[in-house]
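*Asks:* Structure in structure tokens, see below.
Read the figures in this text as sums done on the coordinates, not as results from a lab. Note that this is a predicted model, so its numbers are computed, not measured. As a convention, Cβ positions derive from the backbone with ideal geometry for all residues, glycine included, and neighbour counts pool all protein chains shown.
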Amino acid sequence: MTNTWHDLTWQEIGTLVASGMNGALLPVGATEQHGPHLGCGVDTEIAARVCRDAAARTGIHLLPALPYGCSLGHSHRWPGTVALQPTTLIHVVKDIGDWLYASGIRRLFLVNGHVTNAAPLRCALEMLRAAHDDMMVALINTPQISARVQAEHFADAEDWHANCAETALMQAIAPALVREDKIAGADDPDRTGGCVFAHPVNRTSTNGVTGYPSRAAQADGEQLYAWMVEDLCALIERGMAEQAPLPHSYFSSALE
């Protein structure tokens, strides 16, 4: 039986949950400019693809990807970005989690493909676990799935975007999103070193890129993606077996 929520009937979902599969992956991406050489769907593509392949290996429920995120920092300088307010993303994910709980899901993995979704998703995590005593929620950022994945993403820029890693990933898994003839001139350095404030991209990049996409190679993207899937599967398997360190209810008092 497929594990893709989009394809399942309510009876099939109920059967899978009753059989013990009470976990789900929610890919969260973004629709935003990615420089002159990459399509606006990069973050959603990465989150959706890695979740699809990890779900196929682990059997966990796969939810439809959210294609919009908190991309306010990309400004109006470049066409293409469609952003949600942080509070909107918080409430959307909280609502999704509430309905998943009603369907029997007790372990929710938020798999985030866009850096600045992390804070709203963490807020939604806090709200869900406070509302549902036996629900566990994990936030996994795709560039930081593991140490080796993180090292590759940050190799050419600390404040990276549309950089070597993302370009190589797209060359490997979604070449239709890559404009190969635009890569050579797309490099733009990280200008944020030593900054006290977090500046929007229009004040840190000339073309929407931070890093060196010219260094990208499809073979490197294939290796990076393989690591991402393998290491996400390992996290899912650990999470599906995990129990809380202590059994205390969220709603009980230590005085009781």
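*Asks:* Within segment 204-244, list the residues whose amide N lies under 16 Å from a label point set 7 Å along Cα→Cβ of residue 134.
*Replies:* Under cut-off, by backbone N: 241-244.
*Asks:* Answer rounded, prolate or oblate for segment 1-66, using the Cα gyration tensor with square roots of eigenvalues a ≥ b ≥ c: rounded when a/c is under 1.5, else prolate when a/b is larger than b/c, else oblate.
*Replies:* On the way: a/c = 3.63, a/b = 2.83, b/c = 1.28.
Prolate, because a/c is 1.5 or more and a/b exceeds b/c.
*Asks:* Once you wrap a convex hull around the alpha carbon atoms of the chain, what is its projected area averaged over all directions, in nm²?
*Replies:* 15.3
*Asks:* Just add up the charged neighbours of residue 18: K/R +1, D/E -1, any other residue whose Cβ is under 13 Å from the Cβ of residue 18.
*Replies:* In short, 0.
*Asks:* Compute a Gaussian network model of the chain, connecting alpha carbons closer than 10 Å, and tell me which residue from 102, 219, 172 fluctuates the most.
*Replies:* Of 102, 219, 172, the Gaussian network model singles out 102 as fluctuating most.
*Asks:* While we're here: Run the dipole for segment 10-241 about the Cα centre, Lys and Arg Cβ at +1, Asp and Glu Cβ at -1, nothing else charged, and hand back the magnitude in debye, nearest 20.
*Replies:* Roughly 340 debye for segment 10-241.
*Asks:* A follow-up question, please. Quick one: work out the % antiparallel among DSSP beta bridges in the chain, nearest 5.
*Replies:* 25
*Asks:* Put one equal scatterer on each alpha carbon of segment 1-138, apply the Debye formula with no solvent term, and list log10 I(q)/I(0) at q = 0.11, 0.13, 0.14, 0.17 1/Å to two decimals.
*Replies:* The Debye formula, applied to the Cα set alone, gives -0.41, -0.56, -0.64, -0.89.
*Asks:* What is the calculated FRET efficiency for residue 218 to residue 148, with r their C-beta to C-beta distance and R₀ = 22 Å, to the nearest 0.05?
*Replies:* Calculated transfer efficiency: 0.75.
*Asks:* Label 7 Å along Cα→Cβ of residue 184; segment 203-234 residues with amide nitrogen under 19 Å?
*Replies:* 212-218
*Asks:* With a/c under 1.5 counting as rounded, go ahead and sort segment 192-246 into rounded, prolate or oblate using the C-alpha gyration tensor (a ≥ b ≥ c being the square roots of the eigenvalues; past the cut-off, prolate if a/b is larger than b/c, else oblate).
*Replies:* oblate
*Asks:* Can you tally the net charge around residue 36? Count Lys and Arg as +1, Asp and Glu as -1, for every other residue whose Cβ sits under 12 Å from the Cβ of residue 36.
*Replies:* -2
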